[in-house]
Each structure stands twice: as structure tokens, then as C-alpha cells.
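Heads up: the structure comes next, in C-alpha cells.
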Amino acid sequence: MPTIPNRYPSANDTSDESVVTHRVESSYAVPDACEASKHYVGQLSTPGVASSVVREVLRRVTGNKLDVCEFESQLPRPLMSCQELTITSPEDLRKVRHAVQAVAKDLKFPAARCSDLVAAVGEGAMNTIVHAGGGSATICRDPNGTEIQVWIRDNGRGISATHLHRATLECGFTTANSLGCGFFIILNTVDSLSLLTGAAGTTIVLSQRREKLTNSPPIEFFSWISSDD
């Protein structure tokens with residue numbers, strides 16, 4: 001179980017400079033043929049690789065946890081929307097985390113499931129500020145209260161196709177002045193992540209059920225990706 005820096009330890013943390021150690025359990029599966037996975041992901045740096053191939057490889061190597069979408073219609077069906085917030089400042093980040101925590105507690109999510117979702121949402125929301133100057137977050141819940149979706153959108157320039165696999169799989173890769181661990185934390189704390197990115201901006205959908213799925217054994221995160229662009 002890796003130990004990583006978490007900028008968002010809880011929704012109640014009001015210190016912008018707070019950095020704590022947060023232990024995150026990897027919860028998505030990778031094929032046993034790790035060498036084959038390394039080979040396929042390595043090929044994604046080759047110019048001209050079809051977006052459908054990128055989507056399939058990233059889906060497979062994260063055990064169906066990461067879905068890279070080409071079109072809006074491929075994103076999950078939205079659940080019942082209960083709150084929308086604007087993200088432009090560190091204060092907005094705290095408001096978003098508080099709002100997500102409140103919904104999760106109202107739906108009686110276990111404390112660990114709640115804190116994991118809050119951490120993931122904090123990372124996604126921070127990315128909108130770092131890479132796009134801000135965005136929005138929409139918190140949704142299903143009618144039975146067993147699942148929460150958080151839609152985070154921005155109007156930035158998106159993630160380039162050649163960097164997509166590194167941005168999502170390689171902890172420490174960044175094109176901005178940041179730690180580059182956002183997707184690492186998100187993929188280790190939510191049940192699923194859908195990503196739509198392009199010149200018009202980026203949308204991510206974080207989904208978390210009240211109870212953790214039992215068929216997703218912990219694994220080590222990818223650490224073998226070349227640092228060459």
C-alpha cells in the first residue's frame with residue numbers, strides 16, 4: 001500500500017499549506033501479463049495511434065476503472081443532480097469538498113469511502129484551477145442513495161493525445177507546476193473515472209458506491225513509464 005502526499009486530508013482542513021501523509025489502497029486490477037501491459041502502453045506514445053486503441057488499452061490496464069471517452073455520449077448517464085458549484089479559488093475547493101462530504105454522510109457512506117471520494121474530488125477540482133484557471137463541479141446521487149457521481153468540468157486546452165497515457169498512469173508526470181499525482185490519487189480512491197478531454201476542455205466523472213466492490217484486488221501503480229516525451 002503506497003504512501004503518498006495528500007493535499008486534501010479532509011473537508012474540514014482549512015489550511016492552504018497543509019500537507020499530510022495519506023495512505024491510499026490501490027483498488028483496480030491490472031492483467032497478470034504485466035510485461036504485455038507495459039508493451040501496449042508504451043506504444044501509445046507513437047504518433048498516429050487511434051484514439052479507440054488508447055481508450056481500450058487504458059481501460060484494460062486499469063481493470064475497467066478508467067474510461068477515456070471520445071464523445072459526450074460515451075460519458076456515464078448522469079444521476080440525479082443535487083448541487084453545482086463554481087471552482088475558481090482555494091476557498092472554492094474547500095466548499096466543493098465540504099459539499100461532497102455532506103452528501104456522502106447524508107447517504108450514510110462509510111467514513112473511508114467518504115474520505116476517499118473527498119480526496120479524489122479535491123484533486124480533480126484542483127486540476128481545473130492549475131490547468132484551466134477554474135471550472136465547475138456537479139454533485140449527483142442515485143435515487144436509492146447507493147452511489148455518488150461528481151462531474152468536474154473546465155474549458156482549458158485539454159490533455160494532448162500523446163500525453164494522455166502518462167497523465168493518467170504515471171505518478172509525477174505533469175505539464176504544469178504541480179506534483180503530477182492527481183490521477184494517481186483519483187484512480188486509487190474512486191470506483192470508476194470517466195474522462196473526456198479535448199481542445200474545448202475536460203470533463204471527468206468520478207463515481208463512488210456506498211460499498212466497495214470486492215472484485216478489485218489492490219495492485220502497485222505503474223512506475224515503469226519512460227520519462228521521455
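The values are calculated or read from the model by the stated rules, or taken from the named source; none is laboratory data. What you see is a predicted model, and the numbers here were worked out from it, not measured in a lab. So basically every Cβ, Gly included, is an ideal-geometry build from the backbone, and we count neighbours across all protein chains shown.
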Taking region 38-89 as the region of interest, how many residues are in contact with a helix residue (DSSP H, G or I) (Cβ under 8 Å, 6 or more places away or on another chain) and modelled with pLDDT of 75 or more? 20
Return a yes/no flag: does region 190-211 have any residue that is at pLDDT below 90 and of a type in the set (Asp, Glu). no
The residue that is surrounded by the fewest Cβ atoms within 10 Å (Cβ to Cβ), considering only those in region 58-72 that are in contact with a strand residue (DSSP E or B) (Cβ under 9 Å, 6 or more places away or on another chain) and part of a helix (DSSP H, G or I), is Glu72
Please determine, by comparing only the residues of region 90-104 that are of a type in the set (Val, Ile, Thr) and crowded, with 24+ Cβ neighbours inside 10 Å, which one is nearest to Leu66 (Cα to Cα). Val100
Within region 83-108, tally of residues that are in contact with a strand residue (DSSP E or B) (Cβ under 6 Å, 6 or more places away or on another chain), closer than 19 Å to Thr146 by Cα and of a type in the set (D, E, K, R): 0
Residue match in region 105-128 (condition: under 20 Å from Val68 (Cβ atoms) and hydroxyl-bearing (Ser, Thr, Tyr)): yes
Checking Ala125 against (1) modelled with pLDDT of 95 or more; (2) out of contact with any helix residue (DSSP H, G or I) (no Cβ under 7 Å at 6 or more places or on another chain), which test does it fail? (2)
Please find, within region 114-166, the residue that is nearest to Asp92 (Cα to Cα) out of those that are in a loop (DSSP other than H, G, I, E, B) and of a type in the set (Val, Ile, Thr). Ile159
I'm told Thr138 meets every condition in (1) more than 14 Å from the chain's Cα centre (by Cα); (2) over 16 Å from Val103 (Cβ atoms) except one. Can you identify the failing condition by its number? (2)
Out of Ala132, Ala119, report the one residue that is under 20 Å from Phe184 (Cβ atoms), touching a Gly at 6+ places or on another chain (Cβ under 7 Å) and small (Gly, Ala, Ser). Ala132
Of the residues in region 95-113 that are in a loop (DSSP other than H, G, I, E, B) and of a type in the set (A, V, I, L, M, F, W, C), the one that is nearest to Thr138 (Cα to Cα) is Leu107
